[in-house]
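In what follows, a single structure is set out as structure tokens and then discussed.
The values are calculated or read from the model by the stated rules, or taken from the named source; none is laboratory data. Being a predicted model, the structure only gives us computed values, none of them experimental. Reconstructed Cβ throughout: ideal geometry from the backbone, glycine too, with neighbour counts over all protein chains shown.
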Amino acid sequence: MAIAVEQFFLDPNYRGTLQRQLQEIVTGAILAGRFRPGERMPSSRGLARHLGISRITVTLAYTDLVANDYLSARGRSGYFVSEGAPRPPSFPTPARRESRVDWSRAIGQRIPPSAALRRPDDWRGYRYPFIYGQTDARLFDHQNWRKCALQALGARDFATLTEDSYGRDDPQLVDQIIRHILPRRGIVADPSEVLVTMGAQNALWMLAQVLLTQRRTAVMEFPCYPALREILEQARCSTRDVPVDAEGLPPEAVPAEADVVFVTPSHHCPTSATMPVSRRRALLERAERDDFLIVEDDYEFELAFTSSPSPALKSLDEAGRVAYLGSFAKSLFPGLRLGYVVAPEPLVRELRALRSLIVRHVPGHIQRATAYFLAQGHYDAQVHKMARAYRERRAVTEVAIGAQGLTLAGASSFGGSSFWMRAPEGVAAATLADRLRARQVLIEPAGPFFGEGRDPGTHYRLAYSSIPVADIPEGIRRIAEEGAGLARATA
């Protein structure tokens, strides 16, 4: 029995190649039981004509399906659904059932909704997306990343790809971090002092779990990275925050009861303040004198394109009090979910044990592909390309901000990928953001950085990492125009 071509249709919104879409149509129909073993597939010529695609696309899709035993080829007779193809389940699909559990009582601990910054799912469709932290496809080295990812899939790396490493990290990636990344920050480390993590946020969570208890006190910057505040709340420790100034966290303001201090000295999140070396040394002296530990999030250090970055706190630490963490989120892409912690071996040993309980280890393919990307020089080229583009975008944004009379809330000589802004007098940043969306402009109100009940409502972040240079001036003009109109309406 032949399968009719009318059972095939293409989805115009499908994200992928025509060949892949056709393969998924066939495998989905086989797994659902619509196409049965022994049934003849439409001819490649007839199906191509019906779908309006090239015959070679159909032939290549059929060939891949034969290789995976979904189809079989019978000489000149054509292609048939394979007798060895996966079969649909023999039992009927049960009807959907509603749970009768009272989950309000069954859940032992409630996790509050995240206060993370929100952006529209379709933000890439906006003309003027001043959105932070997302990868710009125009700057990303697709070709070499694909090459490294494919290399990591090869037979030579089969063990790394497939084996349970029992908590160990990929030695090639650890070696690249030690020899390639850390020396730029003045840090020397042994493999036993490095732990690979599922990004910086995962590292912060593990450090909070290992270092803090209900009887200990954590100190964070104010304002700060929203997820850190939520992580510390989940750790059930006491928390204190210290307002930052133009030079970051003031060491003299750290309370005496501090056990662990969380800082972003290279590039404060979100104000972009950079802590000078003198203040870094003063913080280390306080830590030694008052016996507290420091967690250094070396946030955006790769994007120090306007001046040379200051030495990391970890590089100045002579007493082993600093746990240093970094990630590849900004230099490669946030979806990679790859970071690392550098700390004294006893602390790394505990972190490794905790990670083994939760995720065992970071996926081997991700680690090995990143190791190749670093070792082959693509990482340096990628960072250099981004820095050059960000330098130009920052300059254009800064000129436009000045020309339109917008208000900077914080200045940075570091670089980075955003400006810390203040809305016009009497204008709520959230209201401004809502009005701008209707004009194809996206900005990020800064409420989550301050925390519930403490948001002055006046600040927003203006990022230039996701917007082309040519669109920046008009986007800034629309922000200024909308802000001025709201200010007049509230006057």
Select from the stretch 197-212 the residues that are in a loop (DSSP other than H, G, I, E, B) and either in contact with a helix residue (DSSP H, G or I) (Cβ under 8 Å, 6 or more places away or on another chain) or of a type in the set (Ser, Thr, Tyr) (or both) and list them in ascending order.
199, 212
Looking at this structure, is residue 192 of a type in the set (Gly, Ala, Ser) and assigned to a loop (DSSP other than H, G, I, E, B)?
no
Scan the stretch 109-116 and tell me whether some residue there is surrounded by 12 or more Cβ atoms within 10 Å (Cβ to Cβ), in contact with a strand residue (DSSP E or B) (Cβ under 9 Å, 6 or more places away or on another chain) and among the hydrophobic types (A, V, I, L, M, F, W, C).
no
If I filter the stretch 307-315 for residues that are among the basic types (Lys, Arg), surrounded by fewer than 19 Cβ atoms within 10 Å (Cβ to Cβ) and outside the structural domain of residue 462 (by TED's automatic domain parsing), do I get at least one hit?
no
Only residues in the stretch 133-147 that are among the aromatic types (Phe, Trp, Tyr) count as the first member; pair them with residues that are part of a loop (DSSP other than H, G, I, E, B), Cβ under 7 angstrom, at least 6 apart or cross-chain, and list the lot.
140/333
Considering each residue of the stretch 222-263, count those that are at pLDDT below 95 and among the hydroxyl-bearing types (Ser, Thr, Tyr), and give that number.
1
Looking at (1) part of a loop (DSSP other than H, G, I, E, B); (2) surrounded by 15 or more Cβ atoms within 10 Å (Cβ to Cβ); (3) not aliphatic (A, V, I, L, M), which is the one condition that is false for residue 175?
(1)
Being surrounded by fewer than 18 Cβ atoms within 10 Å (Cβ to Cβ) and not in a loop (DSSP other than H, G, I, E, B) narrows it down to one residue among 38, 46, 84; which is it?
46
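For every residue, the table says whether it meets (1) in a loop (DSSP other than H, G, I, E, B); (2) basic (Lys, Arg); (3) over 29 Å from residue 444 (Cα atoms); (4) not assigned by TED's automatic domain parsing to the domain that holds residue 422.
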residue	(1), (2), (3), (4)
214	yes, no, yes, yes
218	no, no, no, yes
240	no, yes, no, yes
265	yes, no, no, yes
278	no, no, yes, yes
Just wondering, is there one or more residues in the stretch 39-62 that are closer than 16 Å to residue 4 by Cβ, β-branched (Val, Ile, Thr) and touching a strand residue (DSSP E or B) at 6+ places or on another chain (Cβ under 7 Å)?
no
Do any helices (runs of 4 or more DSSP H) lying entirely in the stretch 347-460 carry at least 2 residues that are within 22 Å of residue 324 (Cα to Cα) and touching a residue at least 60 places away in the same chain (Cβ under 8 Å), and which ones are they?
364-375, 378-404
Residue list for the stretch 11-26, restricted to those being closer than 20 Å to residue 41 by Cβ and polar (S, T, N, Q):
17, 19, 21, 23
Conditions (1) over 20 Å from residue 122 (Cα atoms); (2) surrounded by fewer than 22 Cβ atoms within 10 Å (Cβ to Cβ); (3) not aromatic (Phe, Trp, Tyr) -> residue 418 fails only (2)
Among 106, 95, the single one that is over 30 Å from residue 233 (Cα atoms), free of Cβ contacts under 8 Å to residues at least 24 places away in the same chain, loosely packed, with under 10 Cβ neighbours inside 10 Å and outside the structural domain of residue 234 (by TED's automatic domain parsing) is 95
Residue 151 passes all but one of the listed conditions (1) over 26 Å from residue 453 (Cβ atoms); (2) crowded, with 17+ Cβ neighbours inside 10 Å; (3) in contact with a helix residue (DSSP H, G or I) (Cβ under 6 Å, 6 or more places away or on another chain); the exception is number (2)
Out of 451, 483, report the one residue that is small (Gly, Ala, Ser) and modelled with pLDDT of 95 or more.
483
